[in-house]
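Step one of this worksheet: look at the structure below.
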Amino acid sequence: MIPERLGWLLDPARTPHQVSRLFLDAGFHLYLVGGSVRDLLLGRKHADLDFTTEARPEQILEVVGGWADDTFTVGAQFGTIGVLKRGVVLEITTFRQEVYRDESRKPMVRFSDNLETDLSRRDFTVNSAALELLPEPRMIDPYGALADLQKRILRTPIGAEVSFSDDPLRMLRLFRFMATLGFDASTEALAAVGVMHDRLRVVSAERIRDELSRLLVAPAPGETLAAMVDSGLAAEFIPEVAVLEEARDPLHRHKDVLAHTLAVVDKCEPNLRLRLAALLHDIGKPDTRQFSEDGVSFHHHEVVGARMARERLRALRFPKSEIEDVSRLVFLHLRPHTFKMGWTDSAVRRYVRDAGPLLEDLNQLVRCDVTTKNEARARAIRERIDELEVRIAELREKETIDALRPPIDGNDVMSFLGIQPGPVVGEAMRMLTEHRIDHGPYTDEEAYELLRRWRASR
């Protein structure tokens, strides 16, 4: 028997039943497995459906060939065939077992003829249940998935050290599921991470990046990130974050930079770019820490942090655009605090220009960066940011500030100065743009007069 809420899977008009009938008629078993079963049992949305079968990839293609709207073989070497039917994506994978060679960054995949062997190589027991729809619906649960779902605990189907050695990425996936599902890790699993976290080094940067990205957009990943730091795993791929516990004021022990960072992450909306910036915004502090009679300071940590963020994200193979955006947010996150005497028009224009399309993310990061328990100080900072946003809105009503261009372009400059394309054109345009930022909109005639004076002064 299966839970009543999963009854739709047995509807002959629905895709799961139809594909199950195809495999049964072809003499194969087909099982719904993994995250699909887990999420269906938890009542969570799960867009795609994952199946497993003893059929080999070429046999899978033969079975679904005349029925599927389209098929995808990009994962065939790992036993996975993608199937598209009426907008529903299915992944059908041959029973398998896989292990990493000691220094390999890619797993060796071996096919299996046994469902239980396939389920034993799943990362956690909550992902190890299988649901067979035909000929009769039945749940196969050899490793206690249903019980662990009820307990909300993450265990490995086999010994944790063996499981994590087979695929070291499972250590990071442990924390990802803690954050996204709200489950606790078993004592054995956490102990295994503590012993063998350095094994993560054999995993490709791209796989680590993808797991970190999923973890960061969980509703409130801060507590899980703290646990990952404590386990030693974070030091393997984001060491700049792991050392933030050391960047605290020894005279004010409550000023823990790591705790502050994770609080900022939780306060930001689950936008990957913004959450990455929140995670990395203070990583420059350990390298810029200085002590004085007034305590500890971190002058220019945003400059150092932006460089470090760029290097770390590049190492994790994030897209170039993401790297540039996140490092820019880190670089600019202190900018509003430099205008304690109020926002002039030129300061607002420069801030909007420097933030560019990141303006909303930057303003949110600045707001979320306020975690002080000193309510008077927190209120003063919030009021400063409120003032900034009011000033931006006021200036937008009077002029265009999201595209701060002078009234003439490079061609006009070359024609007026009688010069060819080259560095001088760029210098002239920068001068005109700076005037636009400092003084607001101006006419073509004023621009040409500025050019005339600029040329005369060179």
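Each reported figure results from applying straightforward, stated rules to the coordinates on display, with no laboratory input. Every value quoted in this text rests on a predicted model; they were computed, and no experiment measured them. Cβ placement follows ideal geometry from the backbone for every residue including glycine, while neighbour counts extend to all protein chains displayed.
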- Note on the structure: In nm, the gap between the two label points placed 7 Å beyond Cα toward Cβ at E324 and R458 is 2.7
- Note on the structure: Note to self, the chain gives a 222 nm [θ] from helices alone (DSSP H runs n ≥ 4, -39500 (n - 2.57) apiece, / all residues, nearest 500) of -15500 deg cm²/dmol
- Item | In degrees, nearest ten, helix 444-457 long axis to first principal axis of the chain (Cα) | 70
- Under the Karplus relation 6.51 cos²θ - 1.76 cosθ + 1.60, θ = phi - 60°, what is the ordered set of whole-Hz ³J(HN,Hα) values for segment 12-23, x standing for Gly and Pro? x, 7, 8, 4, x, 5, 5, 5, 5, 5, 4, 6
- Once both axes come from the Cα atoms, what is the angle between helix 169-181 and the longest principal axis of the chain, in degrees from 0 to 90, rounded to 10? 80
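When a/c is below 1.5 the answer is rounded, else prolate if a/b is larger than b/c, else oblate, so apply that to segment 239-403 with a ≥ b ≥ c taken from the square roots of the Cα gyration tensor eigenvalues.
Oblate, because a/c is 1.5 or more while a/b does not exceed b/c.
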- Note on the structure: The local net charge around V193, scoring Lys/Arg +1 and Asp/Glu -1 for residues other than V193 whose Cβ lies under 15 Å from its Cβ, equals -4
- Note on the structure: Contour minus Cα-Cα span, L24 to D438, at 0.36 nm per residue, comes to 141.6 nm
- Item | Estimated FRET transfer efficiency when R0 is 22 angstrom, pair T288-E206 (beta carbons, to 0.05) | 0.10
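Provide the FRET efficiency to the nearest 0.05 for the E449-D402 pair, computing r from the beta carbons and using R0 = 30 Å.
According to the calculation, E is roughly 0.70.
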- Residues whose placed amide H lies under 5 Å from that of L154, excluding near-sequence neighbours: D184, A185, S186
